[in-house]
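Working notes, beginning with the structure itself.
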Amino acid sequence: MTVTLPPYEDVVARYEPVIGLETHVELGTNTKMFCGCPIDFGGQPNTRVCPVCLGLPGSLPVANKAAIEATIRIGLALNCTIAAWSRFARKNYFYPDMPKNYQISQYDEPLCVDGWLDVEVEGQIVRVEIERVHLEEDTGKTLHVGGATGRIHGATESLVDYNRAGIPLVEIVTKPVPGTGALAPIVARAYVTELRDVLRTLGVSDVRMEQGSLRCDVNTSLSLPGAEWGTRTETKNVNSLRSVERAVRSEILRQAAILDAGGKIKQETRHFQEDTGDTRPGRSKETATDYRYFPEPDLVPLAPDAAWVASLKEALPELPRVHRKRLQTDWGLSDLDMQSVLNAGAVELIEETVAAGASPEGARKWWLGELARRANEAGIELVEVGATPAQVAELQRLVDEGKLNDKLARAVLEGVIAGEGSPTEIMSARGLGVVSDTGALTAAVDEAIAANPDVAAKIREGKVAAAGVLVGAVMKATRGQADAKTVRELIISRLS
Ligand SMILES: [Zn+2]
């Protein structure tokens, strides 16, 4: 069925979107949640398994203390209350990637509750309230082969890999976020971005969305202003920041078209389609009773010691928002300038470039100028452009030392991106340095004077401004490699 979608601006003028986000984070602990199997991405299937994570009869789980500690630190960073008493629960359902036929999760007694995370959107702070942060184990992975789409439909075989089964997984659930209006998709993206930065700062996960160590489900509903909130859908496995924004936007449009036609929204799980940017229906949404939760009898309750929690809180690192404020002050940037650095995703790159010796101004000029332009043209992220902060710092140093001018530096940068080596190496290999040696420049200056006698005459009469024409001629003759300041001095000294 093809539905004509109404324009976005029109939809958000008539309907109030409410979003909610559930984020799963694979913790970067050494071992799995309830056994001693090592954690690593990739590798041969079913090589990092044992009786516990394969759910063999008679095996017993033992909780991973490092994972509990990481979860508490996440809760603290998100301003949550850490429960003095918390329990694991069995979530019962059958799926081949979960060999026990239940997942050890947390239900009505999660480890962390009632927190918040502030995110900045278009200069405004939006406080996203956190309902809970709980700890569970990841499932294995199924791989459907033989079909065109990688999905089970049309597949001839389904394979299962249990290497991921039992990796500690933290689920972070927001409360519904109303009142963001047209900005709902951007708020969703900003929240996941900020959360990812917090998790990275805490060092609890490598938070790589493309590898699935950070996964996001997005809830979206629409209601008429002042009316009760509408039925929500849950869009699963949105695996990039850009897709978070697209998924919310596309759900807003799809639901509006149904509501406009007098239809009802079905509560269901949907899947985001990377290629088309829209969502497709999945299974209808289970309710808690379908899972028949009960306290996990093989594990003791968690009762984290208050002094331990206090010491973890004390030892939290400087969180991203505070850190960014400090950088803004250190770099002397206005709110607007800082915003463009943030929008470009260049904070860390500039920070590292400055740490490698560049001035904040020089570092910002490259990352927001030439490198941002190249990233835009290629449709890639700034970090993927192919220049490292250390290389950019070296390039800027060569400019500061007068060995390269801007034009030559851009040519050197091209070599850096092409993988030809360090800026200094490329400068000498491509013969791109600024020539400021007067001996080498005198001949070119004399040629320019001889070729422009009328201009030379003006300069002799004291009209020094005319020297620009001769400087230009020398620059052209030396293909931009002459040091303009030296050339100018030479011209004036030859003609006075
Ligand atoms: Zn194991």
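The values are calculated or read from the model by the stated rules, or taken from the named source; none is laboratory data. Here the structure is a predicted model, which means the values were calculated and not measured. All Cβ positions, glycine included, derive from the backbone under ideal geometry; neighbour counts span all protein chains shown. Calculation scope for accessible area: heavy atoms of the full protein, side chains included, ligands and nucleic acids excluded. Shrake-Rupley method; radii C 1.70, N 1.55, O 1.52, S 1.80 Å.
Restricting the search to region 312-341, which residues are free of Cβ contacts under 8 Å to residues at least 40 places away in the same chain and open to solvent by less than 60 Å² (accessible area, probe 1.4 Å)?
Taking region 312-341 and keeping what is free of Cβ contacts under 8 Å to residues at least 40 places away in the same chain, we get 314-315, 322, 324-334, 336-338, 340-341.
Result: Arg324, Leu327, Gln328, Trp331, Leu333, Ser334, Asp337, Met338, Ser340, Val341.
In a loop (DSSP other than H, G, I, E, B), at pLDDT 95 or above, open to solvent by 10 Å² or more (accessible area, probe 1.4 Å) and of a type in the set (Gly, Ala, Ser): is that true of Ala84 in this structure? Don't jump to the end; show me each part of the working.
On the way: in a loop (DSSP other than H, G, I, E, B): yes; at pLDDT 95 or above: yes; open to solvent by 10 Å² or more (accessible area, probe 1.4 Å): yes; of a type in the set (Gly, Ala, Ser): yes.
Taking the combined requirement at face value, the residue satisfies it.
Might you let me know whether region 135-150 holds any residue that is at pLDDT 95 or above, more than 16 Å from the ligand (Cβ to nearest atom) and either under 20 Å from Leu199 (Cα atoms) or surrounded by fewer than 21 Cβ atoms within 10 Å (Cβ to Cβ) (or both)?
Checked against the condition, which is being at pLDDT 95 or above, more than 16 Å from the ligand (Cβ to nearest atom) and either under 20 Å from Leu199 (Cα atoms) or surrounded by fewer than 21 Cβ atoms within 10 Å (Cβ to Cβ) (or both), region 135-150 yields at least one hit.
Taking Thr269, is it among the hydroxyl-bearing types (Ser, Thr, Tyr) and open to solvent by 30 Å² or more (accessible area, probe 1.4 Å)?
Considered against the rule, which asks whether it is among the hydroxyl-bearing types (Ser, Thr, Tyr) and open to solvent by 30 Å² or more (accessible area, probe 1.4 Å), Thr269 comes out as no.
Quick one: which of Val434, Val455, Val471 is in contact with a strand residue (DSSP E or B) (Cβ under 9 Å, 6 or more places away or on another chain), more than 19 Å from Trp366 (Cβ to Cβ) and β-branched (Val, Ile, Thr)?
Going through Val434, Val455, Val471 in turn, the sole match is Val471.
Arg280 fails exactly one of the following numbered conditions: (1) in a helix (DSSP H, G or I); (2) free of Cβ contacts under 8 Å to residues at least 24 places away in the same chain. What is the number of that condition?
(1)
Would you point out the residue of region 115-125, among those that are surrounded by 20 or more Cβ atoms within 10 Å (Cβ to Cβ) and under 20 Å from the mean Cα position of the chain (by Cα), that is nearest to Val62 (Cα to Cα)?
That would be Leu117.
Of (1) touching a residue at least 60 places away in the same chain (Cβ under 8 Å); (2) aliphatic (A, V, I, L, M); (3) more than 25 Å from Thr233 (Cβ to Cβ), Ile19 satisfies all except one. Which?
Status for Ile19: all satisfied but (3).
Identify the single condition in (1) of a type outside the set (A, V, I, L, M, F, W, C); (2) loosely packed, with under 13 Cβ neighbours inside 10 Å; (3) more than 30 Å from Leu183 (Cβ to Cβ); (4) away from the ligand (no atom under 11 Å from the Cβ) that Thr4 does not satisfy, given that it satisfies every other one.
Here Thr4 clears every test but (3).
If you go through region 7-42 one residue at a time, how many are surrounded by fewer than 17 Cβ atoms within 10 Å (Cβ to Cβ), away from the ligand (no atom under 14 Å from the Cβ) and under 21 Å from Thr142 (Cα atoms)?
Looking only at that region, the number is 2.
Determine which single condition Thr235 fails, assuming it passes every other condition in (1) assigned to a helix (DSSP H, G or I); (2) surrounded by 17 or more Cβ atoms within 10 Å (Cβ to Cβ).
(1)
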